[in-house]
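First up is the structure itself, then whatever we jot down about it.
The values are calculated or read from the model by the stated rules, or taken from the named source; none is laboratory data. The structure presented is a predicted model; accordingly, all values stated were derived computationally and were not measured. We place every Cβ from the backbone using ideal geometry, glycine too, and count neighbours over all the protein chains shown.
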Amino acid sequence: MKRASRFVIVVDVGNTSTAVGLAEGRAIRRVLRLPTHTADPAGRIRDLLGRLPRGRDVRGALLCSVVPARNRVWCAALRAHCGQEPLVLSHRLQLNVRVDYPRPATIGADRLANACAAWERYGGPVIVADFGTALTLDLVTADGRYVGGVIAPGLPLMTDYLCEKTALLPRVRLAGGFGPYGRSTREAMRIGALVGYRGMVRELVRHVRPGLRGGRLRLCATGGYAARVVRGLGLPVALRPNLTLEGLALVYEMNERERAS
């Protein structure tokens with residue numbers, strides 16, 4: 001009797017980094033993170049799959065991308081490994097939230113994946129904060145409608161822009177401690193970025209909260225800078241590092257079921 005393939009490859013192509021996950025059902029079993037402009041996606045997929053025989057344990061793939069220039073190379077790599085065309089996430093796929101938005105084609109695919117995963121895990125109303133190159137807040141109502149959100153500069157842009165647009169300020173690593181005020185230029189810049197950023201996030205949450213009525217509001221966070229920002233934020237936040245990949249696994253499962261029916 002032929003054994004059914006177990007795994008789905010889910011890929012989240014972001015502006016700076018790309019996450020490649022191996023999903024079993026809705027659970028993410030392995031994750032590989034790499035620079036978005038890596039030259040060899042097919043090789044990195046092989047790294048992720050390890051000892052799995054080619055094609056035997058992989059039943060399909062779903063690509064989520066906010067960098068259209070990388071879509072062709074990723075689709076080719078996924079097609080070569082899976083033996084079939086990957087799904088590409090958009091509002092046209094079957095989702096577990098209803099998209100209530102004037103121009104749904106303009107919504108970033110990662111934002112849809114985050115909304116789907118958050119609604120599945122927490123119900124609504126829920127706010128998803130994704131701390132990447134950009135900060136996005138996405139809102140799902142108590143009755144499961146994706147209604148929009150907020151886009152703001154990401155945390156690394158706070159320090160990178162200062163370095164690029166001034167003559168004397170250095171490029172600063174955000175890791176490291178600091179006191180109540182800076183005793184060096186670098187320490188002063190870290191305080192301005194991290195502490196100021198937390199204030200911006202709190203104010204954005206306060207601003208969007210009136211748009212979400214009915215039930216207990218939940219806030220969840222994902223993205224590479226999430227852990228650093230939510231520490232000391234002063235708000236109850238559920239941290240989900242793989243939230244986007246979890247949403248992709250869910251959407252694949254829903255659409256696979258739809259194709260089979």
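When 102, 180 are checked against the criterion of being modelled with pLDDT under 95 and either part of a loop (DSSP other than H, G, I, E, B) or among the aliphatic types (A, V, I, L, M) (or both), a single residue qualifies: 180. For residue 229, are the conditions met, namely being in a helix (DSSP H, G or I), among the β-branched types (Val, Ile, Thr), within 23 Å of residue 17 (Cβ to Cβ) and modelled with pLDDT of 90 or more? Yes: the conditions hold for residue 229.
Can you find even one residue in the range 171-181 that is closer than 18 Å to residue 238 by Cβ and not acidic (Asp, Glu)?
Keep residues of the range 171-181 that are closer than 18 Å to residue 238 by Cβ, which gives none.
The answer is no; no qualifying residue exists.
Is there a residue in the range 176-192 that is under 23 Å from residue 224 (Cα atoms), crowded, with 16+ Cβ neighbours inside 10 Å and of a type in the set (Phe, Trp, Tyr)? Yes: one or more hits. Put simply, of 142, 167, 152 the only residue that is of a type outside the set (Ser, Thr, Tyr), part of a loop (DSSP other than H, G, I, E, B), under 16 Å from residue 219 (Cβ atoms) and in the same structural domain as residue 107 (by TED's automatic domain parsing) is 142. Pairing each residue of the range 222-242 that is in contact (Cβ under 8 Å) with a residue 24 or more places away in the chain and in the same structural domain as residue 190 (by TED's automatic domain parsing) with any residue that is assigned to a loop (DSSP other than H, G, I, E, B) and buried (at least 21 other Cβ atoms within 10 Å of the Cβ), provided the two are 6+ apart or on different chains, yields C-beta distances under 8 Å for 222/240; 223/132; 224/132; 225/132; 225/154.
Considering only residues that are more than 20 Å from residue 14 (Cβ to Cβ) and modelled with pLDDT of 95 or more, which ones fall in the range 71-94? Can you show your working first?
Start the filter on the range 71-94 by keeping residues that are more than 20 Å from residue 14 (Cβ to Cβ), which leaves 79-85, 92, 94.
Correct list: 92, 94.
So for the range 80-88 (the condition being surrounded by fewer than 18 Cβ atoms within 10 Å (Cβ to Cβ), without any contact (Cβ under 8 Å) to a residue 40 or more places away in the chain, in contact with a Pro (Cβ under 8 Å, 6 or more places away or on another chain) and in a loop (DSSP other than H, G, I, E, B)), does at least one residue qualify? No; the residues of the range 80-88 include none that is surrounded by fewer than 18 Cβ atoms within 10 Å (Cβ to Cβ), without any contact (Cβ under 8 Å) to a residue 40 or more places away in the chain, in contact with a Pro (Cβ under 8 Å, 6 or more places away or on another chain) and in a loop (DSSP other than H, G, I, E, B). Quick one: which residue in 240, 202, 228, 218 is within 15 Å of residue 155 (Cβ to Cβ), surrounded by 15 or more Cβ atoms within 10 Å (Cβ to Cβ) and basic (Lys, Arg)? Criteria check complete, one pass: 228.
Would you confirm whether any residue within the range 128-147 is modelled with pLDDT of 90 or more, buried (at least 18 other Cβ atoms within 10 Å of the Cβ) and farther than 27 Å from residue 14 by Cα? Looking through the range 128-147, none of the residues is modelled with pLDDT of 90 or more, buried (at least 18 other Cβ atoms within 10 Å of the Cβ) and farther than 27 Å from residue 14 by Cα.
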